[in-house]
Amino acid sequence: MRQLGLIAGAAATALVAAGAITFAVAGDEGASGVVPAPDSADAGFARDMAVHHQQAVEMSYVVRDRTDDEEVRRLAYDIAQTQANQRGMLLGWLDLWELPKVSADPPMTWMGMGDAASGKDGALMPGMATNAEMERLGTLDGKRAEILYLRLMTDHHRGGVHMAQGCVRACEVGVEKRLARGMVEAQESEIALMAEMLEERGAAARP
């Protein structure tokens, strides 16, 4: 339970602050009159991270129903709620900017990766689970489901941190950069927590 209570509290704080952040972006854009271009880092990050987050939400709800372990269920719930909320913010900003939510360009083109970002079997971006891995998670129970989830989510967070760091470097909208910076801090903390949880179960994250 060590860090889980702190992370849960941070997640709750993020959820409460979300409305203020969403309102703040309207103020930022209204003051500057600047709207990101469709091919900008700001737009690309919003689109790609919304997709990335959606899989994390789905994965978390799958494992919640595959185990009775309260620590894993609580972590999964916190991740699902936080990332669903952030996804809504990202899509809301695209609406605010009157930009499309999908692009003809490959994922992560805004980071200079393009086709190199896509993996095999449905893994659209680094860290994302394949279709086969998602299907397998839905067939496991108990400790086996917990271990696979923690490994997949660790990979997912590593990919998410990489993307968020890219936004911190390249995005121009202040509130989006702040959200990205918060994602880096929160997900790195959860990666450390999941390493401990895997160790308790006699396992380790994938290299």
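The values are calculated or read from the model by the stated rules, or taken from the named source; none is laboratory data. Because the structure is predicted, anything quoted here is derived from the model rather than measured. We place every Cβ from the backbone using ideal geometry, glycine too, and count neighbours over all the protein chains shown. The accessibility values were calculated without ligands, DNA or RNA, using every heavy atom of the protein model including side chains. Shrake-Rupley method; radii C 1.70, N 1.55, O 1.52, S 1.80 Å.
Key figures
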read-out	value
Any hit, the range 190-197, residues being in contact with a helix residue (DSSP H, G or I) (Cβ under 6 Å, 6 or more places away or on another chain) and farther than 17 Å from residue 73 by Cα	no
The one condition in (1) at pLDDT 95 or above; (2) surrounded by fewer than 20 Cβ atoms within 10 Å (Cβ to Cβ); (3) among the polar types (S, T, N, Q) that residue 60 fails to fulfil	(2)
Conditions (1) of a type outside the set (A, V, I, L, M, F, W, C); (2) surrounded by fewer than 19 Cβ atoms within 10 Å (Cβ to Cβ); (3) modelled with pLDDT of 50 or more; number of the one not met by residue 19	(3)
Listing of helices (runs of 4 or more DSSP H) fully contained in the range 116-205 that carry 3 or more residues being open to solvent by 30 Å² or more (accessible area, probe 1.4 Å), without any contact (Cβ under 8 Å) to a residue 40 or more places away in the chain and under 18 Å from residue 55 (Cα atoms)	131-137
Residue match in the range 101-115 (condition: hydroxyl-bearing (Ser, Thr, Tyr) and either in contact with a Phe, Trp or Tyr (Cβ under 6 Å, 6 or more places away or on another chain) or open to solvent by less than 20 Å² (accessible area, probe 1.4 Å) (or both))	no
Residue 152 vs. criteria within 25 Å of residue 192 (Cβ to Cβ) and at pLDDT 95 or above	yes
